[in-house]
1. So Ala150 ticks every box in (1) under 22 Å from Pro184 (Cβ atoms); (2) at pLDDT below 85; (3) surrounded by fewer than 19 Cβ atoms within 10 Å (Cβ to Cβ) but one. Which box is left unticked?
2. Within segment 95-112, how many residues turn out to be touching a strand residue (DSSP E or B) at 6+ places or on another chain (Cβ under 6 Å) and in a loop (DSSP other than H, G, I, E, B)?
3. Being crowded, with 18+ Cβ neighbours inside 10 Å and closer than 14 Å to Met131 by Cβ is the filter here; which residues of segment 33-65 pass it?
4. Every residue in segment 169-185 that is surrounded by 16 or more Cβ atoms within 10 Å (Cβ to Cβ) and either among the basic types (Lys, Arg) or touching a residue at least 24 places away in the same chain (Cβ under 8 Å) (or both), please.
5. Going by the conditions given, is Leu133 touching a helix residue (DSSP H, G or I) at 6+ places or on another chain (Cβ under 8 Å) and buried (at least 21 other Cβ atoms within 10 Å of the Cβ)?
6. Kindly indicate whether any position in segment 571-591 is under 30 Å from the mean Cα position of the chain (by Cα) and within 23 Å of Lys649 (Cα to Cα).
7. So how many residues does segment 221-253 have that are out of contact with any His (no Cβ under 9 Å at 6 or more places or on another chain), free of Cβ contacts under 8 Å to residues at least 60 places away in the same chain and either farther than 14 Å from His209 by Cβ or not in a strand (DSSP E or B) (or both)?
Amino acid sequence: MKNYIFNKSSNTNKTVLIIDDEKANLDLLSKILSEKEYNIRLAVNPVFALHSAFYKPPDLVLLDIKMPEIDGFTFCEKFKKNPGTANIPIIFISALNDTKSKIKAFEVGGVDYITKPFNESEVLARVQAQMELYFMRTQLEQLVLERTEALQISKERFEEMADNIQDVFWLYDLETQSVIYANPAYEKIWGRSVKALIERFDEWRDSIHPDDREYAENSFNRLLETGGGHSREYRIIRPDGEVRWIADNGFLVKNENGKIVRLTGVAKDITDKKKLETQLQQVQKMESIGTLAGGIAHDFNNMLGIIMGNISLALTMLNENETLYEILSNVLKGSNKAKKLTHQLLTFARGGAPIKKVMDMNRVIKDSATFSIRGTASTCYFDLANDLWLVEIDEGQINQVIGNLLINANQAMPNGGTIKLQTENICIESNTALPLPTGKYIKFTVEDDGCGISKKYVQKIFDPYFTTKQKGSGLGLATTYSIIKKHGGDITVDSKIDKGTVFNIFLPAASSESKVEIMDDEGHVYVGDGKILIMDDQVEILDILKKTLNQMGYEVASTTDGTQTIKMYRKALEAGSPFDLVLLDLTVPGGMGGAKTVIELLKIDPTVKAVVSSGYSGDQIMANYEDYGFCGVIPKPYTTSQLSEVLKKIFSKKR
């Protein structure tokens, strides 16, 4: 597509420059705005458009972000540095919908941000609002330089424009030391009357947050002392108690003799922007913590794998009536509890897809609830259905859900109380209000008789970083909501102040043919035969795996990365003595891991049987292993019996 900029006929003199490297977007936006009689100039090349704008400035720019040569952010920075175009409003219009991009758009000088695909009415409304604001500011600059009589003549026209903008425009008279004008936006943002502000300037001072009051007043005084413009950000407290952030830009107004006679300015509500900045900081902080937590959990799982593997192997060499057998069994049980804790840590760190297995929800609830309220003043009352349908869940993630709900319930009852946990089978029909497909579900209810949640907060409790606790992170219920949704379920809440709170969780029931998948910590070890190739970067894990598999009856070879594995597998295949199964570690630092290795093995042998294993149990590949070419999965750490169960299941299938 060649570079082009051209004018379209219009009955008005307001010009909009639209810059987008997609002709379809240009044509659509041109059609929308032309119908409202704007002059339209189109550009596909941002560099060419920049030079054109410097030569003949438009009144407003609609700007895409991702474009060739220079992106929208760079264009905006160059555009704002040029004195002739610095004050012209730029509205970003992009398919990028992330918080970071939106914040950057405002930081480089944008006045608004529209997300593609856009609504035509929204585009028109925002362009019109910014166009009016731009023209109001342009004419205001001219008005403050004119004589008092000219200002009076233009007053009605100015007020008409000012009354329709969302920012607060104000005028302060030095002689009377009072505000002589503020547009209606003041009442909307401050929640106070313009009349009261004009009658008493202290209305403004009183509205400022106590922690920001001295700074705001000093900034106002510096404007008078230095004779230059100022920009300040401070918080206000509305009469209803709501706190809002304000960006206030002030300027001096001089008469024809150069004497300062007034102050003028525009105050903008930037509460949402501040929230976005805070959330971005929280996201970055949580990403750092998550990376650290994930690394610790992964390394700990590897160490647990060595411990549990050796203990499991030792148990197979002892009689059950020996004292040492009982001691080692207790150590193995403790290791399994540590395994569950690391799984929860990985869920927090990665938020991965659930690795599901068929389970009895009643048992999961009892085990998790008992653990969660241990040492608190609260007690649990269980009302669990005896005929409850089975569910297909990630036990670690559901444990985290139960733990979060019980911690919240306990905190709502500082002096202790009873937490009721109930389960039942339900069938959801098509006419239900729940956003779930029709079918069989189990309903799990957590009810407390605590302080309750205010009605105005109930709709926000699942929002990330929303919390009413002084030391809360606002992630517990957000994580709970995310986990339930990833399980194909739903969660609802009902709460009344001083009466208590009820959470209802709905999870899809497993098929009627499903059976509980049990992988006993100290269960039976199945004997087999065949050749197995194992790959792991931890030599200690390879050592215990060799001993364990040898004892089960398998012939074992081992490698420490994918390249070695591929060579060894090809050599055995060509020699007519192929491996019956390969066990691949998903992550090999500095080398080829399991995901890439299995792709190469499938090229060599489309019938290869590969099992994936990792300490990062929340990885997408672990959750959907068959989509990546594996026939089995076993999260680290695992016991001898768990490994033998996986091998038995794979080898029992028809080759």
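1. Only one criterion in (1) under 22 Å from Pro184 (Cβ atoms); (2) at pLDDT below 85; (3) surrounded by fewer than 19 Cβ atoms within 10 Å (Cβ to Cβ) is unmet by Ala150, namely (1).
2. Selection size over segment 95-112: 2.
3. Within segment 33-65, Leu33, Tyr38, Asn39, Ile40, Pro58, Asp59, Leu60, Val61, Leu62 meet the criteria.
4. Listed by number, the residues that qualify are Phe169, Trp170, Leu171, Tyr172, Val179, Asn183.
5. Here the answer is no, as Leu133 does not meet what is asked.
6. Taking every residue of segment 571-591 in turn, at least one turns out to be under 30 Å from the mean Cα position of the chain (by Cα) and within 23 Å of Lys649 (Cα to Cα).
7. 16
Yes or no, residue by residue, for (1) under 29 Å from Leu586 (Cα atoms); (2) under 31 Å from the mean Cα position of the chain (by Cα); (3) modelled with pLDDT under 75:
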site: Thr316; (1), (2), (3): yes, no, no
site: Gln344; (1), (2), (3): yes, yes, yes
site: Ile355; (1), (2), (3): yes, yes, yes
site: Asp394; (1), (2), (3): yes, yes, no
site: Asn399; (1), (2), (3): yes, yes, no
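The values are calculated or read from the model by the stated rules, or taken from the named source; none is laboratory data. All figures in this text were calculated on a predicted structure; none of them were measured in a lab. Methodologically, a virtual Cβ is constructed for each residue, glycine included, from the backbone with ideal geometry; neighbour enumeration extends over all protein chains shown.
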